[in-house]
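Since the structure comes first, as structure tokens, the remarks are kept for the end.
The values are calculated or read from the model by the stated rules, or taken from the named source; none is laboratory data. Quick caveat: nothing in here was measured; it's all calculated off a predicted structure. Here the Cβ is made from the backbone with ideal geometry for all residues, glycine too, and neighbour counts use every protein chain on show. Remember, those area values only see protein heavy atoms, side chains included, never the ligands or the DNA or RNA. Shrake-Rupley method; radii C 1.70, N 1.55, O 1.52, S 1.80 Å.
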Amino acid sequence: MLKVKNLSVAFGSYRALQDIELEINPGELVVLLGANGAGKSTLFRAISGLIRPSAGTIEYNGKTITGQPAHQVVRYGISQCPEGRQLFPMMSVEKNLLLGAYARRKDREGVRRSLRLVYDLFPILQEKGHLSAGSLSGGQQQMVAIGRALMSAPQLLLLDEPSIGLAPLVVKQMFETIQRINEAGTMVLLAEQNANMALKISHRGYVLENGRVVMHDKSEALAGNEEVKKAYIGG
Amino acid sequence: MDLFAQQLVNGLTLGSIYCLVALGLTLIYGIMEVPNFAHGHLYMVGAYVTFFAMTLYGLNYWLSALLAGVVLAVLGVLMERIVFHPLRHAPASNKFIAAVGAMMFLEALARVLWGSDFRSIPVIYDKVFTIGTLRITEQRLIVIIAAIFLMIALNLFLKKTIIGSSIEAMAQNRDGASLVGINVNNVAMLTFAIASILAAGAAALAGPIFLVFPSMGALIIMKAFVIIVIGGMGSIPGAVLGGYVLGITEAMGASYISTDYKDVVAFLVLILILTIKPTGIFAKGVR
């Protein structure tokens, strides 16, 4: 399980995150709601080790991983599908996926199994396996990004706005896929602006505003909360 | 026609050397996003190592080249650790200045250690092949073939091995590479090692044809820089194509215009390409 305690991140004098408390328990799908600039991606980057927090700790399975470099964090079982996808645009889809398993490349059998699993989740990727990732549509690139994150066989998957820029029908499929990944036993932390759907598939949720957690509760409770409705569901 | 064929061979020889040096420069650019101006001086050290291994220690040509490769790999990694690693979060201009500093340091060191004399690596392969009126020395043939061999080996390493792919992954997307578990530090060291080995290879191949002297790196780095601008900064096919284009253009320019203008040709080509296609032929990151 993941425990974030008192986490703060500062960029110069700007405080991007302040005293964040967040946890994800085994089997959970947790949603992180917040507008653009609320600090969702910053929190993800801090958990993955891409940036160093200025204060606080991140614990994973009882081990403190604060300040560990990103290439190490993925080896603990935390994988991120980042904002903007961050694919290797000039490499083939399949190579992108295989590089997702870079940290466990010696486990050839396991890598093959993961690749099978990703192709089962997103059959279109197998069809397009030899095309360069940069040539795919936005939705397909998003699939590559999620697939790549799954290739490390994570216990905890961080998904940073996977639905952004996708057609409504594709968004629905994407959420179903995320739910399936979670039901197969992977913890998921999902950052979303699309609160309506995200709250339907998640167990619990946190609301982030100006770098602080302003609310956290069971998803049904958040979905029924007037403030959340007004700010994130538009109802 | 005879002159043309003869100059084509000369151009290919020159182009082969340019390709190897430019490939190293473009690989490092992909990772560091700053051209390593000291790269030509690694080439110079490679030439000296080959020279001394042959003349002082009597090693054969190929062993000397191999030794130069090993020494340069170590030197490349040291350069990354000592000069560029401490500046990894610094602005590009700092790395620029550091690269120029490393360049001046290596040249001064060579002058102190080995003097400013021109030397030449002994020619072992001195047979001359004649096809009609076309004359090719064995050494030039070796340069052309060995360069192709090295480039194929590099390509296989980058495309077919997962460690090699980590270099390309890092060049294409740094955050993405870190997130899948690629260690930025290891890739930086590996890239410097490979680029330096290519420079050593180029130096060992060119040594018996050209002269060895402390500032020999200055001109070739200018050329390599022109090549990666022509080919697109960070592009591997661009560096290969640019290398051959420049080598052949120079050889042709030397015979059809004037030898005096040989080195000017490179910069004319640069101005021309930048006017027509400012991003280079194979600009990196184009979708």
Residues in segment A:181-201 reached by a label modelled at A:Gln126 [backbone nitrogen below 19 Å; 7 Å Cα→Cβ]: A:181
Please go through the residue pairs A:Lys172/A:Lys229; A:Lys3/A:Lys106; A:Lys5/A:Lys40 and name each one whose alpha carbons sit more than 18 Å apart in this structure. A:Lys172/A:Lys229; A:Lys3/A:Lys106
What number of lysine-lysine pairs in chain B show an alpha-carbon separation below 24 angstrom, given a sequence spacing of 8 or more or placement on distinct chains? 8
Taking amide H positions as placed 1.01 Å from N in the peptide plane, with prolines and chain starts having none, which residues 5 or more places from A:Gln80, or on another chain, fall under 5 Å of its amide H? A:Leu158
For segment A:95-136 the residues that are at least 40 Å² less accessible with all protein chains than alone, 1.4 Å probe, are A:Lys95, A:Leu99, A:Tyr102, A:Arg105
Amide H partners (placed H, <5 Å) of A:Gly34, local residues excluded: A:Glu192, A:Leu208
For A:Ala16, enumerate residues with amide H under 5 Å from its amide H, sequence gap 5+ or separate chain, H modeled in the peptide plane. A:Val9, A:Ala10, A:Phe11
Can you tell which of B:Val143, B:Thr161, B:Gly40 lies farthest toward the positive end of the dipole of segment B:2-215, using +1 and -1 charges on the Cβ of basic and acidic side chains (Lys, Arg; Asp, Glu)? B:Thr161
Where in segment A:163-197 does the label zone of A:Glu23 land, with the point 7 angstrom along Cα→C-beta and an amide N cut-off under 12 Å? none
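Report, for the protein assembly as shown, the % of DSSP beta bridges that are antiparallel, rounded to 5.
Close to 60 percent.
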Quick one: Karplus J couplings for segment A:179-196, per residue in order, coefficients 6.51, -1.76, 1.60, θ = phi - 60°, nearest Hz, x for Gly and Pro? 4, 5, 4, 5, 5, 7, x, 8, 5, 10, 10, 10, 8, 8, 9, 7, 5, 3
Between chains B and A, what is the buried accessible area in Å², counting both sides, with a 1.4 Å probe and ligands, DNA and RNA left out, to the nearest 100? 2100
Calculated FRET value between A:Gln179 and B:Asp175, using beta carbons and R₀ = 30 Å, to 0.05: 0.65
Please compute, for peptide A:84-90, the average count of beta-carbon atoms on other protein chains lying within 10 Å of each residue's beta-carbon. 6
Label point distance in nm, A:Ala231-B:Phe267, each placed 7 Å from Cα along Cα→Cβ: 6.1
For segment B:246-253, in residue order, the Karplus 3J(HN,Hα) values (coefficients 6.51, -1.76, 1.60; θ = phi - 60°; whole Hz; Gly and Pro = x) are 5, x, 5, 4, 5, 4, 5, x
So what's the angle, to the nearest 10 degrees on a 0 to 90 scale, between helix A:138-150 and the longest Cα principal axis of chain A? 90
Quick check: the angle from helix B:61-79's long axis to the longest principal axis of chain B, C-alpha only, nearest 10 degrees? 30
Order by protection proxy (mean Cβ within 10 Å, highest first), peptides B:91-104, A:195-208, A:100-113, B:25-38: B:25-38, A:195-208, A:100-113, B:91-104
Output wanted: per-residue J couplings in Hz (rounded whole) for segment A:214-222, from phi through Karplus 6.51 cos²θ - 1.76 cosθ + 1.60, θ = phi - 60°, x for Gly and Pro. 9, 7, 8, 6, 5, 4, 4, 5, 5
Taking r as the C-beta separation of A:Arg112 and B:Ala153 and R0 as 25 Å, the FRET efficiency to the nearest 0.05 is 0.35
So what is the accessible area of segment B:2-215 per residue, in Å², with the probe set to 1.4 Å? 41
